[in-house]
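Where a number appears in this text, it was derived from the coordinates with a stated rule and is not lab data. Keep in mind that this is a model prediction, so the values were computed, not measured. Note that we place each Cβ from the backbone using ideal geometry, even for glycine, and neighbour counts take in every protein chain shown.
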Amino acid sequence: MTARTLVVYAHPTPHRSRINRKMVGAARGVPGVRVQDLYETYPDFYIDVAREQRLVLDADLLVFLHPIRWYSVPSLLKEWYDVVLESGWAYGKDGNALHGKRFWLAVSTGSPAEAYRPGGLHGRYFEDFLVPFEQTAALCGMEWLPPCVFHDATYASDEAVDSHVAAFVNRLKDYANP
């Protein structure tokens, strides 16, 4: 059976991750889900574009699982976006390979939710930092799904981490098997 859900996982230091490592491990156990670990697959940052595009084409749901790093994605995932989602394939003239697919962002931050507000450490609401992701989905003709966000990954309790992983898996199962 072909996996209809592709989890594009990008964490440059998974051994230091409290939440993403557990989320990706749990995702691997969900039927119909394929996990593509970018840092494991492409340690040299040389991405096999044709292979990645085939994986994307086979999926109905793309899940981007990663920590938010400097208000963006880890560097290898940025490279993946740049080379895999190319004009004429993912968007632009004749670029309709992703039309109708679903885009789900599953991310973590090191700061508590309260840090994402005017006057807080980051000066803006967290949703303001999601605009590039939403626009990527829109440009590619994808359906944007409400993101799965875990704040304060560094200091959260083990119970909070476990609860979030369970909620993530439940949503993933619902999305993967509509």
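Given R₀ = 25 Å, FRET efficiency for K173-H99 by Cβ-Cβ distance, to 0.05?
Here the calculated transfer efficiency is 0.50.
Calculate how many DSSP beta bridges within segment 56-108 are antiparallel, expressed in % of all such bridges and rounded to the nearest 5.
Of the beta bridges lying entirely in segment 56-108, close to 10 percent run antiparallel.
Quick one: putting +1 on the C-beta of Lys and Arg, -1 on the C-beta of Asp and Glu, what dipole do you get for segment 107-178 around its Cα centre, in Debye to the nearest 20?
Magnitude of the dipole: close to 140 debye.
Any chance you could list the semi-axes, whole Å, largest first, of the equivalent ellipsoid that the Cα gyration tensor gives for segment 1-75, using √(5λ)?
Gyration-tensor ellipsoid for segment 1-75: 20, 16, 11 Å.
Rounding to the nearest 20 debye, state how big the charge dipole of segment 1-138 is about its Cα centre with +1 on each Lys and Arg Cβ and -1 on each Asp and Glu Cβ. The partial results should precede the final answer.
Details: 16 positive and 15 negative charges, 99 e Å.
Dipole magnitude for segment 1-138 comes out near 480 debye.
Please give me the summed charge of the neighbours of A50: other residues whose Cβ is under 15 Å from its Cβ, Lys and Arg +1, Asp and Glu -1.
So the environment of A50 carries a net charge of -2.
Just how far, in whole angstrom, is segment 117-175 from segment 33-98 if you go by their alpha carbon centroids?
Distance between centres, Cα-based: 18 Å.
So what J values fall out for segment 92-98 if you push phi through Karplus, 6.51 cos²θ - 1.76 cosθ + 1.60 with θ = phi - 60°, rounded to Hz, Gly and Pro as x?
After applying 6.51 cos²θ - 1.76 cosθ + 1.60, I find x, 4, 6, x, 10, 4, 9 Hz.
Per 0.36 nm of contour for each residue apart, how much would the distance between W144 and S75 grow if the chain were fully extended, relative to their Cα-Cα spacing?
22.6 nm
Please arrange H99, H122 by how many other C-beta atoms lie within 10 Å of their C-beta, fewest to most.
The order, fewest Cβ neighbours first, is H99, H122.
Could you tell me what percent of the DSSP beta bridges with both partners in the chain are antiparallel, to the nearest 5?
Working: 1 of 24 bridges.
Taking every DSSP beta bridge within the chain, about 5 percent pair in antiparallel fashion.
Ranked from highest to lowest mean number of other Cβ atoms within 10 Å per residue, what is the order of the peptides 107-119, 55-67?
Ranked from most to least packed, the peptides come out as 55-67, 107-119.
When only alpha-carbon atoms are used, what values of Rg and Dmax, in angstrom, describe segment 35-133?
15.4, 45
Could you give me the ³J(HN,Hα) list for segment 119-134, computed from phi with Karplus coefficients 6.51, -1.76, 1.60 and θ = phi - 60°, whole Hz, x at Gly and Pro?
With coefficients 6.51, -1.76 and 1.60, one gets x, x, 3, 9, x, 9, 5, 4, 4, 4, 7, 8, 3, x, 5, 4 Hz.
How far apart, in nm, are two points set 7 Å out from the Cα along the Cα-to-Cβ line at Q135 and at H122?
Taking the two extended label points, one gets 1.8 nm.
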